[in-house]
Structure formats: structure tokens, C-alpha cells
Amino acid sequence: MFNSLPGFREFYPEECARRNYLFDAFRRVALRFGFKEYDAPVLEPLELYIEKSGEEIVSQLFNFTDRGDREVALRPELTPSLARLVGAKASSLPMPVKWFNIGEHYRYERPQKGRLRAFYQFNGDILGESGTAADAELISLLVEILRVLGLTEKDFRIRLSDRTLWFLFLEGLGFEEAKSFEILSILDKSEKISAEKTNALYQEILGAKAKETALKIEKLKTIQDLEELRKFLDSEDLNTASKEKLDARLEDWTTLIGYLGGLGAKSFVQVDLGIVRGLAYYTGFVFEAFENEGQFRALAGGGRYNDLVAKLGGPELPAAGFAIGDVTLTDCLDRRNLLPQGTENPEIITILGGETERLEAIKDITILRRAGFSVAYPLKNQGFGKQFKSAGKSGAKIALIYGGDELSEGKVKIRNLSTGEENLVDRSDLEITVRGLF
RNA sequence: GUGGCUGUAGCUCAGUUGGUUAGAGCAUCGGCUUGUGGUGCCGAGGGUCGCGGGGUCGAAUCCCGUCAGCCACCCCA
């Protein structure tokens, strides 16, 4: 026997049912929000990802040279493909574009808890709208999906941060953009490493100003609501130009939070400038859905990426989006018993006396199947006892019993498998009777 | 790429200081059972004890290596 490759899962019917349950929720809620479903190739030119993320990315991709000497890679993410799709038709697509996708993605990394080499992601994006209403729409879509799956304020929160605000603040303190990047990169790590290590890193890049700056950064990180944030920024001694820009930015914050209130998402959202989400391409509001207890793992994350479409060769197009990974989410739901157990069962199971009865029963079964019922029957002849046993285990609601006695009178016996109640009906009335039972 | 832990049946596990032919429960299949089910009774299949090597009269058990899984680091689009 062969094993599956490391980091790739196999979906037996039980797991497949759970996976599809997730997908159904994703799709249902996204459609409810007016997003349209799209899809893109799983295999793309390697260049597409190098363009976005640099040469280093290659070591984390499933890539190879195809028979036409093309360098190709399995998609590690969807955003570059999306940017290409939208970029190519930007002038004719009605804006804003609100699109979603559910698909498998691949990363050649060491598998570990919450991270595999093949995983599914829900991606939701809005392109062509730079206003905060788009950010609000995305955040509330994320909240709504998690809510529909049974998670509450107790289970998760959305940590909302803002790269624009960070850069303005650091600019106000007198740092250039490059320095600000370095500072934010330390900030990103600080959640995982010790305070001493963090301080050492600040020391390294800031020298004499390290202590003072680190304190301010730490303070900003701990702020948890908008008023506090406003007060803090007012009290800081920043240069005038930055201060004005920060004031304008705080207006955006106020607007965004206002929208989130109306969208029913506010109670899930927490101001938390401690997240900056990598450094690659986000430009404005960024957010992550976090479990409140336990693993400290992000369930989902996203933000605004206004420069990316142009960077990938498309037009200037403001954009924002997020992704939900299936691995940590499944884990989270499973621990809370929020996933369905077992598989889809047939609604009706058939019990056959023998070969003569089988020949008659399959005619009725076909009628019922064509009427939309799911009907199972044994493929080889078995004793009644055995058949009743498996009928009981099948999860079906009713059993149709085709024995010699019934057939000789042109009837079939319908047994309710939960109550044990039985009724004899004419075969000609079977479909209508069954309809009445569902 | 680095480190730690764990590998016995499909699953959960037992297996004595190394001692005959490696066990149990659950699951599966068959029979009792061509007329009434989940939880009855009887039975069967299923194992190169992760793999390779070493040492021993003798290894699931001890030693070395290796592979896989999990966990952590790195990375995280």
C-alpha cells in the first residue's frame, strides 16, 4: 500500500461531509452578501508568485518544469490569480467587484498543527472600492460566516489594526518608511518572542531611541478602543503634518466602526494594533479572526491591498480581501462539537424478500428516486433479520418491505424506523404516500 | 533546514526481568435467521510488532541507523 503524501489529507465520507458542511456555509453566506463565485487555475506560471513575493517564495512552493519547458507552480494563494482576472477585464467589469472562491491551495512547508501542505481556503475580495464601506462589508462577511457556523463572541474576536495608522504614527515620531518597516516587523514577532528578545531587536535598529520608542509602541499596542486611541495620539508629541493625517485617519476608523455596528459585527471587533500581518502588501486596515481561548491561532485574516493589482501588471485598483483556512477552523469547530457527525444517509431503505421481489421493488425504487427521494436497497439477497438490522443502522427514516405476502396483494409495507409503526399501502399509491411522510 | 516525543490489527490499546504459534475491545464479514432492527449467540478474516541492521540459544521487548506521524523552532503570501 502507498501512503498519501505528507501534509495531504484523504477525505473518507465522514470527513468529506464535514468539509462540505463548511463549504456550504461559506457559499451560502457569501451569496447572501451579494458576492459572486469565481474560480481560477490550480496550476499557474511560477513567475506569477515570484512577481508578488520575491524569489524566496519558490522554496515554499510545489513547482516544476512542465513538458513545454514552462516553470509552473501549484497555487499557494489565490490573490495573484484574482488580480490577473480582474485586471484583464477591469475596464468592463461593473465595479465594485465582490467575488469569492472556495478552493484548495498548496504550500511546500513542514506540516504541523493547523498547517498542512494542501488546504482549502475561502477567499472573499472587493476590488474597485477604496472606501471603508468595503472593509466593513468584508469584516462583517467574515463575522457572519463564523456566526453561521455556530461560533459566538465568546469563541472568537476580530482584531482590527491599521497599517496606515502605524506608518503615520511612526512618521510623526520622525521615522522614515524603511525604518518603519523594520519596526513593524519586530512588532509582528513580539507576540511570539520574549520581551527581552523584543527589546534587544529594538535596541539593534533604534539604538539610543530604542527604549523610548519601544514604550510608545507597546502602549499603542495595548489600546483596545477608539476613544483611548484618539486620546493617546492627541497626547503624543508628533509633527504637525502627521498629526493632521492621523486625525483624518481616525475619521476613517470612526466611520468603519459605525458601519460595523449597523452590520451587527461590532461586538466581535476589537481595536488591536498588535497585528500587522506580515509585511508583504497590505496597505490599510488589516484584521484577523482569533480564537479567544486555547491555541492563539488565527482562523482567518485579511486586509486592504491597494497596490497589488498594479504591481502584478494590472491597472491601479483599490482592493481588500480576506481568507479563511479550513484546517484551523475545522479544528476549532470540532473542539466545540459544532461539526456534523457521520454522513448523509438515504431517506428510504428497502427490504427485499428475494429475487422475485427485487425485480418488482426496483421499479418502485426508480419511481421514488425520480421523484427526488434517496433510496437504498441491498445489492445481494439476504435474510430479513440481517436486512432489518442494517436498515436500523442505516439512518433512513422509513423502510419499504417487499415480501412475498405484500406483493401477492399488490401492496408494500412501510415501516417507520424510529417508531416501529407499519402501514400496508397499494403499490400504486406508494409515491403519494411517501411524499406525505417527508 | 533544526530539535523533542511517538510508532503492535481499520480504530483504541494490552503484551511480565528477553522465552513456544503476538492478544483484547470496538469495527468489518459470515452463520443462527426468507418476516421485524441498533444492545442476542456462534464463528471468520485481518499483523513482516514502521523499515533495515546488530548483538543473543531466543527480540514486539536490548543497541545502532532509517522512515513516518505529532509537537515546537524557522517561515507564514
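The values are calculated or read from the model by the stated rules, or taken from the named source; none is laboratory data. Predicted model only: the values in this text are computed from it and were never measured. Cβ sites come from the backbone with ideal geometry, for glycine too, and all protein chains shown count toward neighbours. Calculation scope for accessible area: heavy atoms of the full protein, side chains included, ligands and nucleic acids excluded. Shrake-Rupley method; radii C 1.70, N 1.55, O 1.52, S 1.80 Å.
Among the residues of the range A:24-36, not a single one is modelled with pLDDT under 95, surrounded by 19 or more Cβ atoms within 10 Å (Cβ to Cβ) and not small (Gly, Ala, Ser). Inspect all residues belonging to the range A:360-368 and state whether any of them is more than 6 Å from RNA strand B (Cβ to nearest atom) and within 16 Å of A:Gly436 (Cα to Cα). Checking the range A:360-368: at least one residue is more than 6 Å from RNA strand B (Cβ to nearest atom) and within 16 Å of A:Gly436 (Cα to Cα). Taking the range A:372-390 as the range and being near RNA strand B (Cβ under 6 Å from one of its atoms) and either touching a Gly at 6+ places or on another chain (Cβ under 7 Å) or of a type in the set (Gly, Ala, Ser) (or both) as the test, the residues that pass are A:Asn381, A:Gly383, A:Gly385. Answer yes or no: is there a residue in the range A:125-146 that is more than 19 Å from A:Ile275 (Cβ to Cβ), surrounded by 21 or more Cβ atoms within 10 Å (Cβ to Cβ) and within 16 Å of RNA strand B (Cβ to nearest atom). Yes, there is a match, as at least one residue in the range A:125-146 is more than 19 Å from A:Ile275 (Cβ to Cβ), surrounded by 21 or more Cβ atoms within 10 Å (Cβ to Cβ) and within 16 Å of RNA strand B (Cβ to nearest atom). Considering only residues in the range A:27-67 that are within 16 Å of RNA strand B (Cβ to nearest atom) and among the polar types (S, T, N, Q), the one that is farthest from A:Tyr108 (Cα to Cα) turns out to be A:Ser53. None of A:Gly395, A:Gly436 is at positive phi and within 44 Å of the chain's Cα centre (by Cα) except A:Gly395.
The residues of the range A:100-141 that are closer than 19 Å to A:Lys311 by Cβ, under 15 Å from the mean Cα position of the chain (by Cα) and of a type outside the set (Asp, Glu) amount to a single one, A:Asn123. Among the numbered conditions (1) open to solvent by less than 60 Å² (accessible area, probe 1.4 Å); (2) assigned to a loop (DSSP other than H, G, I, E, B); (3) closer than 21 Å to A:Thr343 by Cβ; (4) within 14 Å of RNA strand B (Cβ to nearest atom), the only one that A:Ala399 does not meet is (2).
Only one of the numbered conditions (1) crowded, with 18+ Cβ neighbours inside 10 Å; (2) in a helix (DSSP H, G or I) is violated by A:Asp234, and that is (1).
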